[in-house]
Amino acid sequence: MEPITVLIVDDHTVAREGLRAMLDTDPQVQVVGEAADGLEALDQVAELHPKVVLMDIKLPRMDGLEATRHLKADHPNTAVIMITSYDDDALVVDAVRAGAAGYLLKDASRDLLSHTIGAIASGGLLIKATLLRKAVSSLTHAARPDEAAPAKRPGVDELTEREQMVLKLLAEGRTNKEIGDELALAEVTVKKHVQSIIAKLGASDRTHAAITGLRLGLIE
């Protein structure tokens with residue numbers, strides 16, 4: 001299996017070196033680059049095409065949230081994990097809205113960091129369900145005009161019962177393998193269901209699909 005390629009984005013050299021040192025011990029992860037601010041991160045993603053980006057929130061020139069919004073718009077298949085010193089529910093909500101698939105504190109253990117990267121790279125969504133719902137609520141009730149709740153698209157009514165079950169588990173942060181184990185499906189079958197769900201909801205990725213499903217009331 002090829003290693004998971006990772007880009008580390010943090011404005012503190014010591015923090016980048018610390019993360020790299022932790023990840024260098026994981027044979028399943030390959031750090032392919034580093035960036036010190038949001039604009040540099042976007043350039044590095046365009047050049048290196050990492051599978052996962054570890055993104056600090058507080059960055060010079062362009063902060064991590066804004067960089068994530070641009071990154072997900074241009075590179076929807078690259079997953080972003082916010083890694084920060086701030087244990088703040090409001091920031092988690094902002095991270096979800098920006099398109100992040102995970103949120104970690106900088107004091108996370110090596111094992112937790114590696115597990116999170118592996119889960120996200122496998123299609124997981126490691127955001128607490130309560131905070132995901134809070135993000136959806138904030139989008140619905142206090143969003144900018146361009147973030148208003150979408151009208152139902154024709155494809156939404158075409159979600160099969162199985163796809164609705166997959167969407168519910170996806171929104172809980174399950175990986176394709178975990179969804180397959182829960183529903184007694186092959187992992188490749190789950191992947192096809194997820195791709196179909198993303199297409200029918202007009203979403204850009206799993207995070208967007210989960211948010212869209214919640215906003216449209218497809219997930220209780």
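Observations on the structure shown:
- Filtering the stretch 45-60 for residues that are surrounded by fewer than 19 Cβ atoms within 10 Å (Cβ to Cβ) and aliphatic (A, V, I, L, M) leaves a non-empty set.
- Annotation note: of Asp111, Asp181, Asp107, Asp157, the sole residue that is exposed (fewer than 15 other Cβ atoms within 10 Å of the Cβ), at pLDDT 80 or above and not assigned by TED's automatic domain parsing to the domain that holds Gln30 is Asp181.
- For Ala98, the test of being among the hydrophobic types (A, V, I, L, M, F, W, C), touching a Leu at 6+ places or on another chain (Cβ under 6 Å) and in the same structural domain as Asp43 (by TED's automatic domain parsing) is passed.
- For the stretch 191-220, a residue qualifies if it is more than 16 Å from the chain's Cα centre (by Cα) and either without any contact (Cβ under 8 Å) to a residue 40 or more places away in the chain or not in a helix (DSSP H, G or I) (or both), and the qualifying residues are Lys192, His193, Ser196, Ile197, Gly202, Leu216, Gly217, Leu218, Ile219, Glu220.
- Among the residues of the stretch 51-102, just one is of a type in the set (Asp, Glu) and closer than 24 Å to Gln28 by Cα, namely Asp56.
Condition check ((1) of a type outside the set (A, V, I, L, M); (2) in contact with a strand residue (DSSP E or B) (Cβ under 6 Å, 6 or more places away or on another chain); (3) part of a helix (DSSP H, G or I)) across all residues:
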position: Arg162; (1), (2), (3): yes, no, yes
position: Leu169; (1), (2), (3): no, no, yes
position: Arg174; (1), (2), (3): yes, no, no
position: Thr189; (1), (2), (3): yes, no, yes
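- Some residue of the stretch 114-123 being crowded, with 19+ Cβ neighbours inside 10 Å, outside any helix (DSSP H, G or I) and at negative phi: no
- Selected residue (criterion: farthest from Gly123 (Cα to Cα)) from residues of the stretch 1-40 that are in contact (Cβ under 8 Å) with a residue 60 or more places away in the chain and of a type in the set (S, T, N, Q): Thr25
- When we screen Asp63, Asp26, Asp94, Asp87 for residues that are over 15 Å from the mean Cα position of the chain (by Cα), surrounded by 16 or more Cβ atoms within 10 Å (Cβ to Cβ) and more than 19 Å from Thr13 (Cβ to Cβ), the only hit is Asp26.
- Residues that are touching a strand residue (DSSP E or B) at 6+ places or on another chain (Cβ under 6 Å), closer than 19 Å to Ala15 by Cα and of a type outside the set (Val, Ile, Thr), drawn from the stretch 30-49: Gln30, Gly33, Glu34, Ala35, Ala41, Gln44
- Within the stretch 184-212, considering residues that are out of contact with any Asp or Glu (no Cβ under 8 Å at 6 or more places or on another chain) and either assigned by TED's automatic domain parsing to the domain that holds Ala98 or of a type in the set (S, T, N, Q) (or both), the one modelled with the lowest pLDDT: Ser204
The values are calculated or read from the model by the stated rules, or taken from the named source; none is laboratory data. In this text the structure is predicted, and so the values were computed from the model without any measurement. Every residue, glycine among them, receives a Cβ derived from its backbone with ideal geometry; neighbour counts consider all protein chains shown.
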